[in-house]
């Protein structure tokens, strides 16, 4: 009888069964395949699919009374494959790997076989078959794959290495049957490939060197097969020339391999030669001055060095014989260091920059208009060389240079392959870049420099510790190099220039035609205006140009990308003229119009200003991109103002970085003492994404960020310091793009910066968006008397906020928004954010980005109320998880708020400020109704209230305790008083509770109280401060609204 049951083991791809007594053979057929036979009771089977499979059996066994063996009837047994496995076959050993849910397996580690090189995995155990691509290959059946190997070439014989000084080459015995050799030599981090068994050594000192050599065979259809590496750290090179120093170490005798001697003398040094009968008498020469030094004939070498390829004859007579020497005069170095700029860039101040690890960048000129000697074409090596006497004339001869590109020694090919040459220009050593930029853009260049002629003491220091070698590491970037204010101004104005690398601290200046007759900077009205000619009145008969210090206009440019590498330098604009508020200058901005009696200038100039083009197309968004990194910008103002004159003066400081309809990417930039550190204007463009990463701001008169328009601004890992207004100020002015109010609509699909680059390219972005990273800190402490607040009439409201909001928060939540100044009774809070809608349909998207997880963790959508809206402001938007949610006007619409790092804490009807507030108000509408009458609730109502709260915010179990006696006596008394006063009416109880908790607001669905009426500041429609929909102040203009926020940095604690 054939087997009727089997066991299938997934992890072994095996089928087993119980032995049939007397059976000598088993015949089996799997899934109707070919019949096969076995004498055992276990099979390893491949080609099985997941799910049900079948096996047929028949057996041969002796039967009593029958000659020979008899075949049984066929049995059919079904079995199930639950998980697929792949069998890895490596040199006869099988390892089973489970197939994942995507039908794939991870790429196995490369197996090892002595004297063989692993080549690939195949499915048919054939070296000529294609390799398995583990990223794309999927498996639907149990499968076998095989490790394939190829025998390695022989290793380079260690004893065969030879150095030959005449040719300066290292050679080794060839390896039979190989095509090339990979070599690392003398500290290189990358291999070079040679086809013959030799390399150029480029050594000038005796010593031990490291070398690694691999023989390589190119096998058609297989690839490159490598031998085991031969390596040593102690390959000794003994230069056959003799170098002998005089006893005082100042004269060097060098004897080459042919026995020819050259004597090296240092400029300005005194020498004498003695014999057995006295001192030498020197012949006359223009290369030295003869001296009589205490009865010794001596010479003092001139400071003019001699070319190394043109030694002079030094002739003298001593002991009755005349001698002649080949002699060179070389400079005498006293110190040799990297210069201050490069040194400071390699060790930047952590107090100035958040990121002190970024590379030093140099430009490789990218414009065809450059001529030989143009400063932009060169990078001047920042060397600090001091000499006892003399000066180098030929850098390539007097120094030993080594060049590495991405770790590969390219000293011999730096000019021919990369077009990089070393020159001396105006007394400075400079790298000059040819037209082969595609060969090295983005690569790292290392330049190692050692003086060729050292005195004995210096030579010993060099031998012991490389003390006289200076090494420079650069990243090669597209663009030019600048060193002065004039350089930077010209490069910024040159539309053909794609990149700028700054190599010195620069003091900014204004030209005469950038200053008005009243001494104030030219402050143009039109964003793209660059010049204006006055014919009468102020500036009579003058043409003035935009007051921006460093300006780039992308308008009409072929390429609309500019990158500035600051290299940890500083732009100091502290001495330039401020803007003076005036209405006398046609085409220039006048007053900001605070209505408080202050003539505050509306500043529209920047230390850096980049202007793009308006683009409202749905398919073409080529407004431009400005990248700037590793730079400190010092503005020309400070947070100061105790009287009208000071307010008006210091409000006229320049913006730090000002972009118009241009995407701004600022990385590791510190802007301080400006008006607005980063001004992002995007009113004329529908596609603007800006990233501020590792930025620092402090002491800025108005704001750290002022975003005006539709930009999405992401701020990561940054430190936002003091300003006298909100740290971050955003305005939605998208409605300016439309013909009239009828077209002013909100947009119900926020993006939160989740689009791909391709999607961004065609997006229509009509609402501003702010994405804040969890590693960003905002510390903008406000006392209430700051210049900005005073000038704009907000100081009184700050005092009211500090009093009323602090009382409400402290009373209800036992928390504080205030912090006390040390050794003082003054209190302040963190004024983190202000949103100013420009029109009734304004909308702001706000997201919190977890920088550790690299993903958004919360989003909100702020909206102002528009005519005709539902009183509750209801609408929908899509949050960061793709869920559709309801929103209310002037509210945060995403459930619980984010309470992570030093970031914004939205204050709205949810009061998402801390854990306690979330516990109390998570369920909101129904919860208040139950809460108001909690003393009168029956058990069923209590159960419903708790269940509803749990369904809204399951994590806040503390809600349950509110009905279990945890309320203190005062809270119970307050609640009972409300119940009694309202006669138990549910609606009145809810309104009364809300009035208590929300500082006077009585009905969230009443548009007259929810949105309130606007405050007229000094007769002008400007800011209305809303706290949870409650307006501080009076007035009737409902179009000007503002959410006033505060943050965690120093303003909130539990």
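Every read-out reported here was derived from the displayed coordinates using simple, explicitly stated rules and does not represent laboratory data. Keep in mind it's a predicted model, so treat the numbers as computed, not measured. Quick reminder, even Gly has a Cβ in these numbers, built from the backbone with ideal geometry, and neighbours come from all protein chains shown.
Taking 7 Å steps out from each Cα toward its Cβ at residue 428 and residue 290 produces label points 4.4 nm apart. Here region 465-489 and region 248-327 have alpha carbon centers that stand 39 Å from each other. Between residue 317 and residue 244, the C-beta separation translates, for a Förster distance of 25 Å, into a calculated FRET efficiency of about 0.65.
Taking a spot 7 Å from the Cα of residue 461 along the direction of its beta carbon, which residues of region 329-350 have an amide N less than 14 Å from it? The answer is 332-338, whose backbone nitrogens lie closer than 14 Å to the label point.
Over all Cα atoms in region 242-330, the spread is summed up by Rg and Dmax: 12.7, 38 Å. The alpha-carbon atoms of region 86-151, seen along their principal axes, cover 37, 21, 18 angstrom, with the largest extent given first.
Full extension of the chain between residue 542 and residue 512 yields a length gain of 9.7 nm, computed as 0.36 nm times the residue separation minus the alpha carbon distance. If you plug the beta carbon distance of residue 559 and residue 528 into 1/(1 + (r/R0)^6) with R0 = 25 Å, you get a FRET efficiency near 0.90. Over region 84-236, all Cα pairs binned in 10 Å intervals from 0 give whole-percent P(r) values of 10, 31, 23, 18, 12, 5, 1, listed from short to long. Taking a quarter of the surface of the Cα convex hull of region 172-218 gives a mean projected area of 3.6 nm².
Give the calculated FRET efficiency between residue 255 and residue 210 to the nearest 0.05, with a Förster radius of 30 Å applied to their Cβ-Cβ distance. For residue 255 and residue 210, the calculated efficiency is 0.60. Here the label points at residue 32 and residue 104, each 7 Å from Cα along the C-beta direction, are separated by 3.4 nm in the simple model. For region 1-20, the residues whose backbone nitrogen is under 18 Å from a point 7 Å from the Cα of residue 61, taken along Cα to Cβ, are 1-7, 16-20. At a threshold of 8 angstrom on Cα-Cα distance, excluding pairs fewer than six apart, so keeping six or more, what relative contact order does region 259-335 reach in percent? For region 259-335, the relative contact order is 38 percent. On full extension, the segment bounded by residue 52 and residue 126 gains 23.5 nm, given 0.36 nm per residue less the C-alpha separation. Full extension of the chain between residue 113 and residue 83 gives 7.7 nm of extra length, using 0.36 nm per residue less the Cα-Cα distance.
Taking only the alpha carbons of region 158-237, we obtain Rg and Dmax values of 13.0, 45 Å in that order. Spacing of the modelled spin labels on residue 493 and residue 343, each 7 Å from Cα toward Cβ, amounts to 3.6 nm.
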